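Below you'll find the structure, written out as structure tokens, and then a few comments.
The values are calculated or read from the model by the stated rules, or taken from the named source; none is laboratory data. Being a predicted model, the structure only gives us computed values, none of them experimental. Ideal geometry is used to build each Cβ from the backbone, glycine not excepted, and the neighbour counts take in all protein chains shown.
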Amino acid sequence: MTRYLIRRLFTLALTLLVTSFIIFALTNLLPGDVARLVLGRDASDTAIENFEQRFGLDRPPLVQYAQWLGGFITADWGRSYTAGSPAVRSLVLGRLGNSMRLAGTTLLIVIPLSLLLGVLASLREGSWTDSIISVASLSVVGLPEFVTGIVLINVFALQLGWFPASTYISNNMPFGEWMRLLTLPALTASLAITGYVTRMTRASMLEELKKPYVRTATLKGIPYRRVIFAHALRNALLPTIAVIALSIGWLMGGLVVIENVFNFPGIGSLLVTAVTQKNLPVLQAISVLIVFFYAFANLISDLLFALLNPRIRLS
Amino acid sequence: MSEPVISAKDLSIDYRIGRDWMQAVRSVDLSINPLQIHGLVGESGSGKSTIALAMIRHLARNARISEGRILFGERDLRQLRQREIEDIWGNQITLVPQNTMDSLNPSLRISRQMTEVTRRHSSVSATEAYEHAADALRSVQIADPEQVLSRYPHQLSGGMMQRVMIAMALSTRPRLVVLDEPTTALDVTTQAVILDLLRDLIKEEQAAALYVSHDLGTVAQLCDYVTVLYAGEIMESAPVDELFSQPRHPYTIGLLSCLPSTAEEQESRLTTISGVAAALGARSSSCVFADRCPLATAQCRTSKPPLEDTGDHRNVRCWRWREIAAGTITPFEPTARNITSSAPRHSRVLQVREISKRFDDSRVLPSLVNRRTSGVQAVRDVSLAVDTRSTFGLVGESGSGKTSLARSLLALVEADTGSIELRGEPISLTLKRRDRATLQNLRTVFQNPDDSLNPYRTVGQTISRTLRKLSAEPLGAKAARERVKELLRAVGLTDDYYHRRPAFLSGGEKQRVAIARAFAPAPALVIADEPTSSLDVSVQAVILNLLKDLRAAEGASYVVISHDLEVVSYLSDHIAVMYLGEIVEQGANKDVIHFPSHPYTEALLSAAPTPDPAVRHRPIALSGEVPSPRNRPPGCPFQTRCPRKIGTVCETDAPPVRTNEDGHEIRCHYTFEELESMQSKGPPTPPQEKTEQRLQRAENK
């Protein structure tokens, strides 16, 4: 198991290294002169030169990459191109905290809800309950999250006025206020993911319920509820965990859209701003973070998979 | 006579197919008396498992009991509420299922799964439940129960898991144990040990048992009373001795006489039951067996015979049972037409020298951390020769490497070392380097025709494709069609099968098509890997006869591979026995079967259950299980289980190959003479194997 863990951490590091290179290469391949793009067409040559010197853009690309990577590892993520040149790291990490709250809330909704719906649908296979859950989960999977977001804003913020339509985060906000802010965006993200996870749970539960060990457990005289939760669900969770991990990866990208719909100050909206401003250091930092979370979620899911599955854990 | 433990009265069970309910089991009456082991025999689709599980009120989701009562003591199980039946399940009624690997929860320790039963049905502490589980494991001869309890199912071998299931089923002192094909997935030598254990324990616990099986051999060895099912109805029931010695129903007689046996004369044909089993729900008011019965009269086709109680504890459902019992008519006469055997010529069609095949565990990503390579030596220095127009039989248990050997010969996997000669010409070990003539002359019949026939091609397309691809001269469409029809007739299928697709064929018919395809390019050698193991015994007999007929007609030779000693012995001129990738004994059929020399062959032969309750023999119990090929014991591969082990020499030195004047060959440290004199003194007593060793092996699996 330790060996497995070391190997997985090694692959994680390798993934990050490769993707960081790709991200750096791609952002530097953007057409046009970065300094001119940022400073505008009318900027003087001296201003351009100053800018390039200041951000190290006059050096060869590989040197730039090495410096950027070295800086990234040593917690110096460079400086933003925008006015005042704030440090990228504190800027991004501040926003990341907000996004993590949003993602966390989303998972708190998604995991219990989809497991419950999936198990329910599998136990009632072929019934009305099953059909309703299946149709509903398929339809929300199909809806783009800006549509569900706008519908939710319309109904719950504009019509009913229960939640704010847009997000203002102040320091030392009380927990209740946070919840009010997070509800609609988290719900939007949840709707998109719940469908997938529900269907996966249903499918793997159906598969497990057909296996002979469920019959063995039933014929031990154990109450049905225990057979379902202590025996079948435990094994059905294995494939479901992988899907949840994939959704976390998706969530980090999906936040870009959702945060913009709700004007939520997270890394998603920061990313969009960075793109429009050609703010490469911010763009690169956020991209690497998104890749990191994607890979990390997969690592966690594999470890959980191994933990729940003695066949892997003990080999 | 005492009250039965459980009895079903007029039990009918339906299955839902689409929107309709089809009757699968019709008016079954079944009683199991105290201390009785009641056998329920039938071929696939006879409803035997459905009945057994319905009797303990466990039904598939698409099944229902449409009629009948199930009395368990005073109570009708059908009337009980869920909570009440749960109190009985696992406590008074238990199940030992067929597929043990999947019948234990893969992610829970054995201790948890065993104590769960005890704690559900009695108020004991966790420690007491654990002790109880350990005792139960001791009773199934597991020497170190704590070790087993701490393991997960995948860390145990098949035989060990089945012991756990048996221990669990008997740990609550049940009144009824349902045994649903409990040894079907096990090797013969393991099966022998498990059956012994079951018989002793059931008697010891004073339980009654319902034993469901398709295998008449194990039924004869285990049961006291037998009920024979066909198409969801009881055909006959009788005490085991009477059923096997004086069967009264034509179906029972057919089933018993279509079994190949090692005593069978090589030249005789097996009796076959023509036709296919009646389809579900298609039961009219006639006798369900009438279509396949050679004695059927007009009466049999117009009215259904009742299940008649003939006194003497027997029942039979046949209009003509009195005539059969009196001996005035016989349904399945031994067929007069013998198989024309062509004497094997003394030329070699296949010569294999020192073939070895090792499978290494490949890693997709080369890793810096783990560079240790492990693997399986599947085939090890195998040499064999097949004479022209003869059959070479290869027997072995799972993990013996028999299939890997076949695949190496066919170049489906590439052997590492060794050489193969086909008709005197060396052929390549690599499939891509084999020429057309080699492919034409070396054909195969796979085990499972469901997987080996393309479902989208018609029978005609399948066979003519092989034919046209491999024929020496280009073959016109018309000539090909004629040849295919000829082949279909040779395997006993009519011309109209030409346009059918596999989905519309029965298992036996599919295997006939697969055989026709193998013979299409007129090969010199056909390799058949378990050609009948997915078929019912009545169909198996047809296929075995067909294989014999074709050998004579087409002048081909066979390599037949099977775990079933009877099948191999019925077909073969020469037999080789494999163990952990090596041939441990080979020789002429009669020499190997009647004078087995190697201790493994001796044990294997003694373990095969004879379908005759009069011959209740105690098999030679081999200690432990077949070691994983991953962890092959040093010296002689059989030394960990050998009941005639000499000592350290077996652990350190590979045994020499010994050949006697008849060409009989063994790999053993003993000579032929030494083995013969030991055998004449009686069966060996098994050495007590150390538990650590066995667990070590289980761990390494």
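Observations on the structure shown:
- Summed over the stretch B:533-563, residues that are in contact (Cβ under 8 Å) with a residue 60 or more places away in the chain and under 11 Å from the mean Cα position of the chain (by Cα) total 6.
- Within the option set B:V386, B:V352, B:V382, being within 20 Å of B:Y570 (Cβ to Cβ), at pLDDT 90 or above and out of contact with any Lys or Arg (no Cβ under 6 Å at 6 or more places or on another chain) holds for one residue only, B:V386.
- Considering each residue of the stretch B:471-479 in turn, none proves to be touching a residue at least 12 places away in the same chain (Cβ under 8 Å), crowded, with 21+ Cβ neighbours inside 10 Å and either among the hydrophobic types (A, V, I, L, M, F, W, C) or within 30 Å of B:S398 (Cβ to Cβ) (or both).
- Given (1) among the β-branched types (V, I, T); (2) away from chain B (no Cβ under 11 Å); (3) closer than 30 Å to B:R83 by Cα; (4) free of Cβ contacts under 8 Å to residues at least 40 places away in the same chain, index of the condition A:I228 fails: (4)
- Residue in the stretch A:21-32 that is crowded, with 17+ Cβ neighbours inside 10 Å, modelled with pLDDT of 80 or more and under 26 Å from the mean Cα position of the chain (by Cα) present: yes
- The residues of the stretch B:138-159 that are in a helix (DSSP H, G or I), under 28 Å from A:L238 (Cβ atoms) and more than 9 Å from chain A (Cβ to nearest Cβ), listed by number, are B:Q147, B:V148, B:L149, B:G158, B:G159.
- Residue check for A:A157: aliphatic (A, V, I, L, M), outside the structural domain of A:S287 (by TED's automatic domain parsing) and in contact with a Phe, Trp or Tyr (Cβ under 8 Å, 6 or more places away or on another chain): no
- In the stretch A:1-16, the qualifying residues are those that are in contact (Cβ under 8 Å) with a residue 24 or more places away in the chain and out of contact with any Asp or Glu (no Cβ under 8 Å at 6 or more places or on another chain), and the one that is farthest from the other protein chains (Cβ to nearest Cβ) is A:L16.
- Identity of the residue in the stretch B:99-112, among the polar types (S, T, N, Q), within 9 Å of A:P212 (Cβ to Cβ) and facing chain A (nearest Cβ under 8 Å), that ends up surrounded by the most Cβ atoms within 10 Å (Cβ to Cβ): B:S103
- For the stretch A:93-106, the criterion of being free of Cβ contacts under 8 Å to residues at least 60 places away in the same chain and more than 30 Å from A:A66 (Cα to Cα) is satisfied by at least one residue.
- B:A207 fulfils the conditions (1) buried (at least 23 other Cβ atoms within 10 Å of the Cβ); (2) of a type in the set (G, A, S); (3) within 14 Å of chain A (Cβ to nearest Cβ) except for a single criterion, (3).
- Considering (1) out of contact with any helix residue (DSSP H, G or I) (no Cβ under 7 Å at 6 or more places or on another chain); (2) without any contact (Cβ under 8 Å) to a residue 40 or more places away in the chain; (3) part of a helix (DSSP H, G or I), the lone condition that B:K203 does not fulfil carries the number (2).
- Number of residues in the stretch B:63-95 that are in contact (Cβ under 8 Å) with a residue 12 or more places away in the chain and at the interface with another protein chain (Cβ under 10 Å from one of its Cβ atoms): the value is 10.
- Selection of the stretch B:651-662 for residues being of a type outside the set (S, T, N, Q) and either in a strand (DSSP E or B) or under 30 Å from the mean Cα position of the chain (by Cα) (or both) yields B:V657, B:R658.
- Whether a residue is part of a loop (DSSP other than H, G, I, E, B) and either surrounded by 14 or more Cβ atoms within 10 Å (Cβ to Cβ) or of a type in the set (S, T, N, Q) (or both) was assessed, and B:A325 does not pass this test.
- Scan of the stretch A:144-174 for residues that are assigned to a helix (DSSP H, G or I) and either among the polar types (S, T, N, Q) or in contact with a Lys or Arg (Cβ under 7 Å, 6 or more places away or on another chain) (or both), ordered by number: A:T148, A:N154, A:Q159
- Residues of the stretch A:195-222 that turn out to be charged (D, E, K, R) and more than 14 Å from every other protein chain (Cβ to nearest Cβ), as a count: 2
- Within the stretch B:412-430, the presence of at least one residue that is modelled with pLDDT of 90 or more, among the aliphatic types (A, V, I, L, M) and under 27 Å from the mean Cα position of the chain (by Cα) is confirmed.
- Failed condition for A:G118, given (1) over 19 Å from the mean Cα position of the chain (by Cα); (2) closer than 16 Å to A:I258 by Cβ; (3) assigned to a helix (DSSP H, G or I): (2)
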